[in-house]
Amino acid sequence: MGLFYFLSSRTTRVKVLSLFLLSCLVSVNSFAGNERNTMGARSAAMGMSGVATYDVFSVLNNPAATTQLEQLSLGLFAENRFLLADVNYGGLAFALPTSKAGTIGLGLSFFGNDLYSERHIALSYGIKLSPSISIGTHIDAYNVATLDDGSGTALTFGLGLQYQIVENARVGMHLHNPLFAGLTEFQEDDLPSFLQIGIAYDPSDKLTLCLEGEKELDQKAIFKMGLEWRMAEKFHLRGGIATQPIYSSLGAGVNLGRLKLDLATSFHPQLGLTPHVSVRFE
């Protein structure tokens, strides 16, 4: 009888149905398999590639890349996954470069609703070992809460590397949760563990090409390709594609000086469209 009254609410039925469909068809949160673990609308537009590029969301994507930032930066991002009202994902990133002590960063993200939610807090640090080599690390706290089972919290960390091969090409690497930390002793409650390796190449001052691979524990590798065309000083076009399953994306960026607005749309072959938006301020 209690279950009948619980499901009698139309709002609750919509939430339950949304989460059920997503859990059946695809991994939509960071604790499930083969998620593209990159944040920000710029990266989303470029096939979710972001380990070898840099912006304020490198705090979460690759802490070593934050050493390329020259000014205090703040970013906000949000996405509405598959246009479902109760499957929203968003957060913020903050980076503070220093003249000699590297770059300090903070990242926060949130996914879910009142039935199921995930919260992630990351403290990051990046430093240059030489003009061409940067390393970084982040310490992460995850909290997961469900309506029936309460909440759980776990800690982990990640490592990053960025290497400037030549003036117009750089390699990035990001390893997350290398010790396979989890919320409980059960494997299904493990935090995401993955390795990302990619290269970004600038054939001209107007074009950036990205190639990236991502491998999560016990999942097939994901391959990503992205392109950014700076067609005008204040307007950029972007596109990308990724595998597992085939994922395509398009987007644009508007440069308003200290303020940068990024918009993107990604397409999943079974679940449809996901709009992304982020704002970066320097």
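Rule-based calculations on the coordinates, nothing more; no lab input. Note that this is a predicted model, so its numbers are computed, not measured. A quick note on method: Cβ atoms are made from the backbone with ideal geometry, for glycine too, and the neighbour counts reach across all protein chains shown.
Relative contact order of the stretch 214-282, taken over Cα pairs closer than 8 Å and 6 or more residues apart, is 21 percent. Enclosing the Cα atoms of the chain in their convex hull gives a volume equal to 122 cubic angstrom per residue. Across the chain, the longest run free of exposed loop sites, meaning trypsin sites (Lys or Arg not before Pro) lying outside DSSP classes H, G, I, E and B with no more than 16 other Cβ atoms within 10 Å, spans 101-205. Taking 7 Å steps out from each Cα toward its Cβ at residue 232 and residue 153 produces label points 4.9 nm apart. Measuring gaps between exposed loop sites in the chain (chymotrypsin sites (Phe, Trp or Tyr not before Pro); DSSP loop; at most 15 other Cβ atoms within 10 Å), the longest gap, sites not included, is 1-179. On a 0 to 90 degree scale, rounded to 10, what angle separates helix 10-25 from the longest Cα axis of the chain? Taking Cα atoms only, the helix is inclined about 60 degrees. Taking label points 7 Å from Cα along the Cα-to-Cβ direction, residue 202 and residue 167 give a separation of 1.0 nm.
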